[in-house]
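For reference, the structure is listed below as structure tokens.
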Amino acid sequence: MTGTTNLLELNHAELTALLADWGQPRYRADQLRDWLYVKLATDFDEMTNLPATLRARLAAETRISPLELIYEQASRDEQTVKWLFRLADGQTVETVLMLYPEIEGERGERRTVCISTQAGCAMGCVFCATGQAGLARNLTADEIVAQVLVAARAAQDRSAPHHLTNVVVMGMGEPLANYDRTWQALRVITDQDGFNLGARHITVSTVGLVPGIRRMSDEPLQVNLAVSLHAPNDALRSQLAPINDRYPIAEVMAAVRDYTTRTHRRVTFEYALMNGINDMSSLAHELARLLRGLLCHVNLIPLNPVVESPYQPSSPERSAAFQQILQDAGIPTTLRVRRGIDIDAGCGQLRRRVAAPDANS
Ligand code: SAH
Ligand code: SF4
């Protein structure tokens, strides 16, 4: 055997083909699919309606649990849970489950999981805990899918006997720098013969990798795009997100404009408000001018402060003032309530703390 098959990378057609190769009837693939994506099994031993010989072969030649839980932290109100997982090679990644996030203008209970696509990140945004550590490696597609399944299981336990409602690709890493594996994972979790999450309930967030945004415009999978902007001009944005030197704002905006034209989908701009850095009213006006006429929505998030970083969140007053200017200019804008503030729920923060427990205490 040259290697292990990562079972969670296969859509139902591929799963069926694998079992057909092994001489198994088609219904076995359906049974296996139900164990993986409906009953959310993590161990072949649970799959009691599969013959023991098939279970043994699956255990020997495939893997279904690429994540080892090493740390779990729930917020005081238990509405946010954060996990740190160790991967087979010792790298670690974070996943966050948010129950009932309050999103203005939207109704209904939501169970959203925030997943990682890389161990670390090469983009080096100065306010981001993940960015400080650099990139270790891309995640494999099954490592990405498994995060969704862990959260789906936990959501079942904690709230209700049903599914996650949303997936946001906003954890560690830059998804468009790991494009193929991210999409492979998204194809598995949206597979109508599998986990069957609607693509419109998925949002991919990028720091603004222009070729990736252009590729997204042509994807058959209708996932939503969020762009982490954080500043309305190149001078400031390059200070905060150095990749801006390579893909300056005008190029990002041109790619976003093409994306909205082709897909007719509203783009979200993420803007982490940092006190005295990017939260001045002049910048809100500049942002409004930049976004005028675009099918978009702005998501303001007071910065989650990172240890040893000079950047601090904007006050509620400054945040509200910034929001008001955008709204007055006709740009739909939400001010996101930070969730999980007591559990290091910012990107990459738990990993840093567990790796260096003294740093935060
Ligand atoms: N790399 C992608 C997705 C992961 S980061 C991106 O940058 O979009 C997900 C979001 O968290 C981004 O909008 C990012 O700017 C934001 N973020 C990172 N560190 C943060 C912090 N300390 N406080 C608030 N938002 C942060
Ligand atoms: Fe990477 Fe996103 Fe963090 Fe920037 S904000 S360093 S792109 S994970």
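The values are calculated or read from the model by the stated rules, or taken from the named source; none is laboratory data. Every value quoted in this text rests on a predicted model; they were computed, and no experiment measured them. Heads up, the Cβs are rebuilt from the backbone with ideal geometry, glycines too, and the neighbour counts pull from every protein chain shown.
Couple of notes before you dig in:
- The stretch 222-242 - residue that is modelled with pLDDT of 95 or more and under 16 Å from the mean Cα position of the chain (by Cα) and, of those, nearest to I277 (Cα to Cα): S228
For (1) within 16 Å of ligand 2 (Cβ to nearest atom); (2) at pLDDT 90 or above; (3) not in a loop (DSSP other than H, G, I, E, B), each residue gets a yes or a no:
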| site | (1), (2), (3) |
| --- | --- |
| F85 | no, yes, yes |
| G90 | no, yes, no |
| E106 | no, no, no |
| T112 | no, yes, yes |
| A122 | yes, yes, no |
| V126 | yes, yes, no |
| R137 | yes, yes, yes |
| A152 | no, yes, yes |
| A160 | no, no, no |
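- Tally, over the stretch 240-256, of residues that are in a helix (DSSP H, G or I) and away from ligand 1 (no atom under 14 Å from the Cβ): 7
- Any chance D193 is assigned to a loop (DSSP other than H, G, I, E, B), farther than 23 Å from R292 by Cα, out of contact with any strand residue (DSSP E or B) (no Cβ under 9 Å at 6 or more places or on another chain) and of a type in the set (D, E): yes
- Long-range neighbours under 8 Å by Cβ, at least six apart or interchain, first residue under 17 Å from Q239 (Cα atoms) within the stretch 307-321, second aromatic (F, W, Y): S309/F127; Y311/F127
- Checklist (1) over 28 Å from P305 (Cβ atoms); (2) within 16 Å of ligand 1 (Cβ to nearest atom); (3) surrounded by fewer than 21 Cβ atoms within 10 Å (Cβ to Cβ) applied to Q156, failing item: (2)
- Which listed residue is among the hydrophobic types (A, V, I, L, M, F, W, C) and in contact with a Lys or Arg (Cβ under 9 Å, 6 or more places away or on another chain), from L19, L32: L19
- Of note, A241 satisfies the criterion of being within 13 Å of ligand 2 (Cβ to nearest atom), in contact (Cβ under 8 Å) with a residue 60 or more places away in the chain and buried (at least 22 other Cβ atoms within 10 Å of the Cβ).
- Some residue of the stretch 170-181 being surrounded by fewer than 24 Cβ atoms within 10 Å (Cβ to Cβ), more than 15 Å from ligand 1 (Cβ to nearest atom) and at pLDDT below 95: no
- Subset of the stretch 122-132 (residues that are near ligand 1 (Cβ under 6 Å from one of its atoms) and within 16 Å of Y179 (Cβ to Cβ)): none
- Residues satisfying the stated conditions in the stretch 185-215, i.e. free of Cβ contacts under 8 Å to residues at least 60 places away in the same chain and within 16 Å of ligand 2 (Cβ to nearest atom): V204, T206, G208, L209, V210, P211, G212, I213
- Close contacts from the stretch 128-143, counting a first residue that is more than 26 Å from L8 (Cβ to Cβ) and in contact (Cβ under 8 Å) with a residue 40 or more places away in the chain and a second that is assigned to a helix (DSSP H, G or I) and of a type outside the set (A, V, I, L, M, F, W, C), with Cβ to Cβ under 7 Å and a gap of 6+ residues or different chains, come to A129/Q349; A129/R352.
- Scanning the stretch 41-64 for residues that are buried (at least 17 other Cβ atoms within 10 Å of the Cβ) and within 22 Å of the chain's Cα centre (by Cα) yields a single hit, I64.
- With a requirement of 2 or more residues that are among the acidic types (D, E), more than 16 Å from ligand 2 (Cβ to nearest atom) and at pLDDT below 95, none of the helices (runs of 4 or more DSSP H) lying completely within the stretch 257-361 satisfies it.
- Subset of the stretch 216-235 [in contact (Cβ under 8 Å) with a residue 24 or more places away in the chain, surrounded by fewer than 18 Cβ atoms within 10 Å (Cβ to Cβ) and aliphatic (A, V, I, L, M)]: L221
- Condition met for M123 (hydrophobic (A, V, I, L, M, F, W, C) and in contact with an Asp or Glu (Cβ under 6 Å, 6 or more places away or on another chain)): yes
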